[in-house]
Amino acid sequence: MNIGLLHPGEMGAPIGAAMIANAEAVMWLPAGRSQASRERAARANLTAAESLNALCRRCQVIVSVCPPHGAVDTAKAVVNSGFSGIYVEANAISPEKTLRIQEMLQDKGIGIVDGAIIGGPAWPQESNSKANPSARSQIYLSGPEANQIIEIFDGSSFETTCLSQAVGDASALKMTFAAYTKGSTALLAGILSVAEYYGVRDALQSQWGETMTRQTHHRLITNSSKAWRFSGEMKEIASTFNSAGNSDGFHLAAADTFDKLLAHKDWKQAPSLNEILDSLKK
């Protein structure tokens, strides 16, 4: 079986590496990708395809792992390139958007599996589930063909679970999980920024205690380079909350907070906490 991967980003590349053992080849599309993507693809031992049409002709499964704003366009491009296999929609998007993609794919006879990736990038050589089971990243899958995709990850650095037979369920899990884990990061960023503005940050951190203060600083510093992705994810979560009859305001505000950190995307060295707080004032 040949598997296509769109694209080998920070999360996509280790997923590609995880599928290698159970595939003839895991293919990717170098055209238009950055040098960093090329280096990740080489590390994952991915096979380059000369075009999207070629990738779609040769692959029986395509896994889409891209920023939320690119999910629909990626699926459209695959549909227009003559793909006829199973499409794994593994992006951080709302259940409603996943269902719209499902309709688009099924109109062309393409199968779809909904995927939710929870946890950080899990490169095979860095994953040791026996030493630290909680460190293993999870992939939850839903849809009638989910079990076929689980087999691709057998023995890999990702633990896979079939959540249900319904497309949209995996996306709903991802949205509700990230609503807290990433939404709370934005909340903490805002709290520290306001405390700094009013001159009470030291008093607040004293009230928090050493452990919470250290953990909060670590979360903000390590996630600042990912803010450009988190912003789109917050908007997808807001849409999910709205569809469920809940207020979308908190996560739209979280998106705005992450938008203020976009300048830190390409920093080779992590910013200091003070640099992050300066960005939040803008």
- Task: List the helices (runs of 4 or more DSSP H) that sit entirely inside the range 27-106 and contain at least 3 residues that are farther than 25 Å from F158 by Cα.
- Result: 52-58, 71-79, 95-106
- Query: What single numbered condition from (1) over 20 Å from the mean Cα position of the chain (by Cα); (2) of a type in the set (S, T, Y); (3) closer than 19 Å to L99 by Cα fails to hold for Y198?
  - Reply: (3)
- Message: Just to be sure I understand, how many residues within the range 161-217 are surrounded by 14 or more Cβ atoms within 10 Å (Cβ to Cβ), hydroxyl-bearing (S, T, Y) and touching a residue at least 24 places away in the same chain (Cβ under 8 Å)?
- Response: 5
- Note on the structure: Counted residues in the range 239-263 being among the small types (G, A, S) and within 18 Å of G190 (Cα to Cα) come to 5
- Taking the range 16-26 only, how many residues are in a helix (DSSP H, G or I), among the aliphatic types (A, V, I, L, M) and either in contact with a helix residue (DSSP H, G or I) (Cβ under 8 Å, 6 or more places away or on another chain) or at pLDDT 95 or above (or both)? 3
- Query: How many residues are under 19 Å from P271 (Cα atoms) and either of a type outside the set (K, R) or in the same structural domain as A116 (by TED's automatic domain parsing) (or both) when one looks only at the range 198-237?
  - Reply: 15
- Of all residues making up the range 224-256, the number that are of a type in the set (S, T, Y), part of a helix (DSSP H, G or I) and farther than 17 Å from P68 by Cα: 2
- Task: Provide a single number: the residues in the range 35-50 that are surrounded by fewer than 19 Cβ atoms within 10 Å (Cβ to Cβ) and without any contact (Cβ under 8 Å) to a residue 24 or more places away in the chain.
- Result: 7
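The values are calculated or read from the model by the stated rules, or taken from the named source; none is laboratory data. This one's a predicted model, so the numbers in the text were calculated from it and none came from an experiment. So basically every Cβ, Gly included, is an ideal-geometry build from the backbone, and we count neighbours across all protein chains shown.
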